[in-house]
Amino acid sequence: MTEPRREVDAVVVGAGFAGLYAHYRLRELGLSVQGYEAAADVGGTWWWNRYPGARCDVESMDYSYSFSPELEREWTWSERYATQPEILRYVDHVAERFDLRRDIQFDTRVTAMRWDEPAERWHVSTDQGDEVSAQFCVMATGCLSAPKELDIEGVDAFEGTVLFTSRWPHEGVDLTGQRVGVVGTGSSGIQSIPLIAEQAAHVTVFQRTPNFTMPARNAPLDAETVQARKAHAREHRQAMRDSRAGVVVANPEVSALSVDDDERAARYGTAWEAGTLYAMIASYTDLLVNKEANDTAAEFVRSRIRDVVDDPDVAERLSPRSHPLGTKRPCLDTNYYATFNRDNVTLVDLRATPLVGVTPAGIRTEATEYELDVIVFATGFDAMTGPLLRAGIVGAHGVALAEKWAAGPRTYLGIATAGFPNLFLITGPGSPSVLVNMMVAIEQHVDWIADCIAYLRAEGAESIDATPEAEDEWVEHVNAVASRTLFPTAASWWMGANVPGKPRVFMPYIGGFPQYTGVCDAVAHDDYRGFSVRRASTGERSATAASA
Ligand code: FAD
Ligand code: NAP
């Protein structure tokens, strides 16, 4: 690292929804801010993931900013679940409206960040040769922005076209007449397969784990619905923040095992019709804590698959049996199961015939070789920790974040990690993040961070750092809450199980959004309890115990 060439108050890494809002709030505080973004423009997730069928699975009107009532009034979504291009247009509108591109340098990846202890500042380096010194760093790097490195042999030798859903070409791809193989049946695969099948000559779906997916029942939004929401936007937003997952769903009251089969079937039927991510799991109180209860919901979904898919063998192979419903991120789809009734779609069950690797001509399993013109990898992300560990962060005493998190991420509230002063994580591990509507989580984190920085400035404080004790307590709490649920039983990306060698730790906080924000608010209210704050005037650190 060379000497910094410029000093700013804050560096914001990333220009997705989180980064943009961080710019807005920090600028409001009067801070000088430098933003860096690896992509060529704003949008984050919605800039990168342009595969056919990409759309949100939290309703558009909820999956948008709430910080500006004017913005809410002037923007109108066209569909219940907006497509990627529409979401990107929205991000563009927000960036323009609030002049948020001004301080962001695009096509620039932060490659190293070092805490300069004597100066009490971060020294940030980029792949474009920038060297900047900042008092604060806000990591708006996203939970799902680092594609998982391919763990499949032979891809370089493939003579056809290789595509990744997470890096889809901006000019689009014409798959007409092509033999396409899709590897992966998470949300990206499930959203794209039906549309790829409409275009390609043939689609071979390579499925390792069948996923639970529910019909989205997407539709255009009518003017009346939009007006009704806009008229009650403030109350609705508050209800979202007060809800467990950042979306308004009626709370369940009884156990799935306390009612008879008919009542349960009726309830699941209503949830299935709702076309939302959370309705099924919110049907009963115990679906995520009791396997027997969960089995009733899982079996309901499997029965729906059998209803739709003509070939009973294909239906069975599409039926998830290796994890309880909701313990891997479920999906919302349009025509996913029906796609397997098409003549030009073949399902390859990699559990029955494991994948051997990619060959020059296609994909080989232990049973046969499939000749392909195009392979689409919908193989997911090194989620939550990946983007942070790839930024080369080194904290106090020269300790690298990768070293500190070798056995899994450790944070206080998912916002800070001890030994890395003035470094703020947005929707970091240990916060509700990916378990909830992420727009709600992002706004709450950015607001908390901005308030914290305002507090530090008002106090004349130089730096803030989570105490190891507070962090230990929080990590213990996060793990304790998760261990009371079925989540750790599934090999999910929430557990880090999708990346070979990654520590298996349930990363997000499952205690519920209101419970979490209650703790965050109390911490701030109690002069940032669990943090040590160093004030320039005295040169001393003050700290209050987390559980005070
Ligand atoms: P991102 O949008 O991921 O932005 C992070 C940015 O940081 C990226 O642009 C990246 O290039 C940049 N970056 C990272 N590291 C560096 C670095 N070292 N240097 C410079 N730049 C860097 N969530 C929901 O709640 N509802 C949904 O419907 C939903 N749909 C999704 C659909 C897809 C296809 C995917 C992949 C995710 C979806 N998510 C959804 C999760 C989604 O990631 C969040 O909702 C939200 O967009 C995250 O915003 P963000 O700004 O935190 O991160
Ligand atoms: P994902 O859920 O991690 O799915 C990856 C898929 O690839 C899985 O089916 C996985 O199988 C398979 N896979 C990975 N490596 C493989 C290998 N070596 N061989 C064979 N199969 C392999 O990733 P994603 O679909 O991109 O979704 C990630 C998250 O992004 C979602 O959970 C969601 O939070 C978000 N997202 C949301 C939407 C939306 O609907 N709005 C759309 C896309 C993404 P295993 O399960 O066996 O590991």
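The values are calculated or read from the model by the stated rules, or taken from the named source; none is laboratory data. These figures come from a predicted structure and were not determined experimentally. Positions of Cβ are generated from backbone atoms using ideal geometry, with glycine treated the same way; all protein chains shown enter the neighbour counts. Remember, those area values only see protein heavy atoms, side chains included, never the ligands or the DNA or RNA. Shrake-Rupley method; radii C 1.70, N 1.55, O 1.52, S 1.80 Å.
Annotations
- Test: R25 is surrounded by 18 or more Cβ atoms within 10 Å (Cβ to Cβ), within 30 Å of A245 (Cβ to Cβ), of a type in the set (K, R) and under 20 Å from the mean Cα position of the chain (by Cα): no
- So P4, is it farther than 26 Å from F381 by Cβ, part of a loop (DSSP other than H, G, I, E, B) and either open to solvent by 10 Å² or more (accessible area, probe 1.4 Å) or more than 13 Å from ligand 1 (Cβ to nearest atom) (or both): yes
- Looking only at residues in the range 129-144 that are in contact with a helix residue (DSSP H, G or I) (Cβ under 8 Å, 6 or more places away or on another chain) and open to solvent by less than 40 Å² (accessible area, probe 1.4 Å), the one that is farthest from ligand 1 (Cβ to nearest atom) is F136.
- Of all residue pairs spaced 6 or more apart or on separate chains, those with beta-carbon atoms under 6 Å, a first member in the range 484-507 that is in a loop (DSSP other than H, G, I, E, B) and modelled with pLDDT of 95 or more and a second member that is open to solvent by less than 30 Å² (accessible area, probe 1.4 Å) and of a type in the set (S, T, Y) are L486/T327; A490/T327.
- Helices (runs of 4 or more DSSP H) (entirely within the range 331-436) containing at least 1 residues that are touching a residue at least 60 places away in the same chain (Cβ under 8 Å), more than 30 Å from V533 (Cβ to Cβ) and more than 16 Å from ligand 1 (Cβ to nearest atom): 336-339
- In the range 92-114, the residues that are over 16 Å from W46 (Cβ atoms) reach residues that are open to solvent by 60 Å² or more (accessible area, probe 1.4 Å) and away from ligand 1 (no atom under 12 Å from the Cβ) with C-beta atoms within less than 9 angstrom, at least six apart or across chains, in these pairs: R97/E70; R97/E74; A112/M1; R114/M1.
- Taken residue by residue, the range 518-540 has at least one member that is touching a helix residue (DSSP H, G or I) at 6+ places or on another chain (Cβ under 6 Å), part of a loop (DSSP other than H, G, I, E, B) and open to solvent by 20 Å² or more (accessible area, probe 1.4 Å).
- Qualifying residue in the range 44-62 (condition: crowded, with 16+ Cβ neighbours inside 10 Å, more than 16 Å from ligand 2 (Cβ to nearest atom), touching a residue at least 24 places away in the same chain (Cβ under 8 Å) and part of a loop (DSSP other than H, G, I, E, B)): no
- Subset of the range 161-180 [more than 16 Å from ligand 2 (Cβ to nearest atom) and open to solvent by 30 Å² or more (accessible area, probe 1.4 Å)]: T161, P169, H170, E171, G172, V173, D174, T176, G177, Q178, R179
- Test set (1) touching a Phe, Trp or Tyr at 6+ places or on another chain (Cβ under 9 Å); (2) open to solvent by less than 40 Å² (accessible area, probe 1.4 Å); (3) not small (G, A, S) - T209 fails condition number: (1)
- Hits in the range 454-483 - residues which are hydrophobic (A, V, I, L, M, F, W, C), over 25 Å from the mean Cα position of the chain (by Cα) and in a helix (DSSP H, G or I): A454, L456, A458, A470
- Close contacts from the range 177-202, counting a first residue that is under 25 Å from D151 (Cβ atoms) and a second that is assigned to a helix (DSSP H, G or I) and more than 7 Å from ligand 2 (Cβ to nearest atom), with Cβ to Cβ under 6 Å and a gap of 6+ residues or different chains, come to V180/I196; V182/I193; I190/Y336; I193/T339.
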